[in-house]
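For reference, the structure discussed in these notes is given below.
The values are calculated or read from the model by the stated rules, or taken from the named source; none is laboratory data. Model, not experiment: these values are computed from the prediction. Methodologically, a virtual Cβ is constructed for each residue, glycine included, from the backbone with ideal geometry; neighbour enumeration extends over all protein chains shown. The accessibility values were calculated without ligands, DNA or RNA, using every heavy atom of the protein model including side chains. Shrake-Rupley method; radii C 1.70, N 1.55, O 1.52, S 1.80 Å.
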Amino acid sequence: MGHNHNSSIGCVVSECEFHCKDDDYCTLDKIQVVRHGHKAVSVECTDCGSFRKG
């Protein structure tokens with residue numbers, strides 16, 4: 001398939017358009033991490049804001 005991955009951004013969300021189909025990495029140069037509320041107090045309060053359904 002030949003997707004170039006970013007070795008600095010690991011990702012196991014294969015449903016994302018930017019997931020490298022060859023291994024568990026993102027193909028973007030940069031991602032945006034977002035929070036769900038006013039204050040993030042746990043990992044569950046954050047997400048990858050760069051996700052796009054593939």
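Observations, loosely collected:
- Pair list, Cβ under 8 Å, 6 or more apart: segment 5-22 residue over 17 Å from Val33 (Cα atoms), other residue among the acidic types (Asp, Glu): His5/Asp22; His5/Asp23
- Qualifying positions in segment 38-53 - over 21 Å from Lys21 (Cβ atoms), assigned to a loop (DSSP other than H, G, I, E, B) and not basic (Lys, Arg): His38, Ala40, Val41, Ser42, Gly49
- Taking segment 4-54 as the range and being open to solvent by less than 50 Å² (accessible area, probe 1.4 Å) and in contact with a helix residue (DSSP H, G or I) (Cβ under 8 Å, 6 or more places away or on another chain) as the test, only Gly37 passes.
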